[in-house]
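Asks: Below is the structure I would like to discuss, written out as structure tokens.
The values are calculated or read from the model by the stated rules, or taken from the named source; none is laboratory data. These numbers were taken from a predicted model, which means no experiment stands behind them. Reconstructed Cβ throughout: ideal geometry from the backbone, glycine too, with neighbour counts over all protein chains shown.
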Amino acid sequence: MRVLSVHNRYLYRGGEDVSHEAEMRMLRNHGHEVVAYEESNERVAELGPLRTAARTIWSRESHARVVALIRKHQPDVMHVQNFFPLISPSIYYAARQHGVPVVQTLRNYRLICLGGQLLRAGRVCEDCLAARTNWPGVRHRCYRNDAGASMATAAMLNIHHMRGTWRNAVSRYIALSEFARNKFVEGGLPAERIVVKPNFVEPDPGLGDAHREIALFVGRLSNEKGLDVLVEAWEQLDNPPPLHILGAGPMEDTLRARARSNPGILLEGNRPAGEMMEFMKRARFLVFPSICYETFGRVAVEAFACGTPVIASRLGSMQELVKDGETGLLFQPGDAADLCERLQWALAHPQEIGAMGRAARAEYEARYTEDRNYERLMDIYLKLLGEEAAVK
């Protein structure tokens, strides 16, 4: 099978990029030909705001490049990981004009939220979802707190809604969790075209050893990840183990200032995947305190693979991933006191936490390995190709 894989990279290498790269490797490992078309947001500064806005709605360049790749490689499927902002939905039409079915993975909430996170002012926000229009997001400048960029993003979404792009030009959407799927259906995407396939972790890092002496956070250092809540809870604990924070982002300076007054909080910066997994293997638990609707939560599954339980917000897909009392613990999102209680319990019950770690590893083996994911992706592709062949 030949797959044309399309992805718009952000300036920082986030979970979307990692998952996209893993999926391409998986397909190649199983003997499939993968042709990649990628853009990077590094070009935004070069293009300027007006040209970027125009490309967001319809990119002639991306349309032409996809047409050329289809003519050269004759792919069976075009799989889009992210088209925003530089690639644009124009590529859907390039594929459909040449008889290539389109699969779109929904790695954020961009199709129903300008900011992509269903989050505003530090709280979950569903204003645009309830109104079935993006104008509340324009009013609040939800895309990068920029009125012009928010207007351009809303124009892209609304123009393609009116044109029928989301309903007619995409053959299959892949949501990463049932929670995310339900939100997209609520936002107007066709339910019959949305299937669920989670992310996966490869290579298998294996279990950590029995000596686990740290606690861990891994992720972007930004407000939506709930780091203020984590630090506030951590400062209330009696004799906690060291808390290692891995990642980079806009909150880094604030966190370093907090860490200077608390030597038990250690900022480790970004680390390569192998080093990050070694931290996972040393951790008694991973804390996942996001205050936004995560579409999935890859870091939780990475912890599961290492036999590390997760203490997570009872919110969105996180409460779907983490089984309270089995593979980790859940707490009320944004509630530092409730998180502190869960952390204190975890520290006081090492045997129970160890059992949760073993259950987390079993969950990884059952649902989140490369082999399981490959089976699911092939099922999606083959069913889609069968449907396309039936109507020709």
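Asks: Is it fair to say A155 is among the hydrophobic types (A, V, I, L, M, F, W, C), surrounded by fewer than 18 Cβ atoms within 10 Å (Cβ to Cβ), in a helix (DSSP H, G or I) and at pLDDT 95 or above? Talk me through it step by step, then tell me what you get.
Replies: On the way: among the hydrophobic types (A, V, I, L, M, F, W, C): yes; surrounded by fewer than 18 Cβ atoms within 10 Å (Cβ to Cβ): yes; in a helix (DSSP H, G or I): yes; at pLDDT 95 or above: yes.
Yes, satisfied.
Asks: Something else: Does the range 294-307 contain at least one residue that is assigned by TED's automatic domain parsing to the domain that holds M277 and over 23 Å from the mean Cα position of the chain (by Cα)?
Replies: Applying the first criterion (assigned by TED's automatic domain parsing to the domain that holds M277) to the range 294-307 yields 294-307.
Of the ones still in play, those that are also over 23 Å from the mean Cα position of the chain (by Cα) are none.
Scanning the range 294-307 turns up no residue that is assigned by TED's automatic domain parsing to the domain that holds M277 and over 23 Å from the mean Cα position of the chain (by Cα).
Asks: Which of the helices (runs of 4 or more DSSP H) contained wholly in the range 316-392 include at least 2 residues that are of a type in the set (F, W, Y)?
Replies: 370-391
Asks: Among A346, A389, A337, A366, which is surrounded by 14 or more Cβ atoms within 10 Å (Cβ to Cβ) and aliphatic (A, V, I, L, M)?
Replies: Working: A389 fails: surrounded by 14 or more Cβ atoms within 10 Å (Cβ to Cβ); A337 fails: surrounded by 14 or more Cβ atoms within 10 Å (Cβ to Cβ); A366 fails: surrounded by 14 or more Cβ atoms within 10 Å (Cβ to Cβ).
Within the list A346, A389, A337, A366, the selection yields A346.
Asks: Restricting to the range 217-245, count the residues that are more than 12 Å from P289 (Cα to Cα), part of a loop (DSSP other than H, G, I, E, B) and not charged (D, E, K, R).
Replies: Looking only at that region, the number is 6.
Asks: Is it the case that some residue within the range 190-207 is crowded, with 18+ Cβ neighbours inside 10 Å and modelled with pLDDT under 95?
Replies: no
Asks: Let me ask something else about it. Against the condition among the small types (G, A, S), more than 20 Å from R55 (Cα to Cα) and in a helix (DSSP H, G or I), how does A130 come out, does it pass?
Replies: Taking the combined requirement at face value, the residue satisfies it.
Asks: Answer yes or no: is there a residue in the range 51-62 that is in a loop (DSSP other than H, G, I, E, B), under 24 Å from the mean Cα position of the chain (by Cα) and not polar (S, T, N, Q). Give the derivation first.
Replies: We begin by selecting, within the range 51-62, every residue in a loop (DSSP other than H, G, I, E, B); these are 58-59.
Among the residues that remain, those that are also under 24 Å from the mean Cα position of the chain (by Cα) are: none.
No, the range 51-62 contains no residue that is in a loop (DSSP other than H, G, I, E, B), under 24 Å from the mean Cα position of the chain (by Cα) and not polar (S, T, N, Q).
Asks: Sticking with this structure for a sec: Could you look through the range 1-30, keep only residues that are part of a strand (DSSP E or B) and of a type in the set (K, R), and pick out the one that is modelled with the lowest pLDDT?
Replies: Taking the range 1-30 as the starting set, the residues that turn out to be part of a strand (DSSP E or B) are 2-9.
Now narrow it down to the ones that are of a type in the set (K, R): 2, 9.
On the way: R2: 98, R9: 91.
Once the filter is applied, the top-ranked residue is R9.
Asks: Among the residues of the range 292-315, how many are part of a helix (DSSP H, G or I) and either out of contact with any Pro (no Cβ under 8 Å at 6 or more places or on another chain) or among the aromatic types (F, W, Y) (or both)? Steps first, please.
Replies: So in the range 292-315, the residues part of a helix (DSSP H, G or I) come out as 298-305.
From what's left, either out of contact with any Pro (no Cβ under 8 Å at 6 or more places or on another chain) or among the aromatic types (F, W, Y) (or both): 298-300, 304.
The total comes to 4.
Asks: Hey, among the residues in the range 168-216 that are among the small types (G, A, S) and not in a loop (DSSP other than H, G, I, E, B), which one's farthest from R132 (Cα to Cα)? Talk me through it step by step, then tell me what you get.
Replies: Within the range 168-216, the first condition is being among the small types (G, A, S), and the residues that meet it are 169, 171, 175, 177, 180, 187-188, 191, 206, 208, 210, 215.
Okay, now just the ones that are also not in a loop (DSSP other than H, G, I, E, B), so 175, 180, 191, 215.
Numbers: A175: 20, A180: 17, A191: 16, A215: 41 Å.
My answer is A215.
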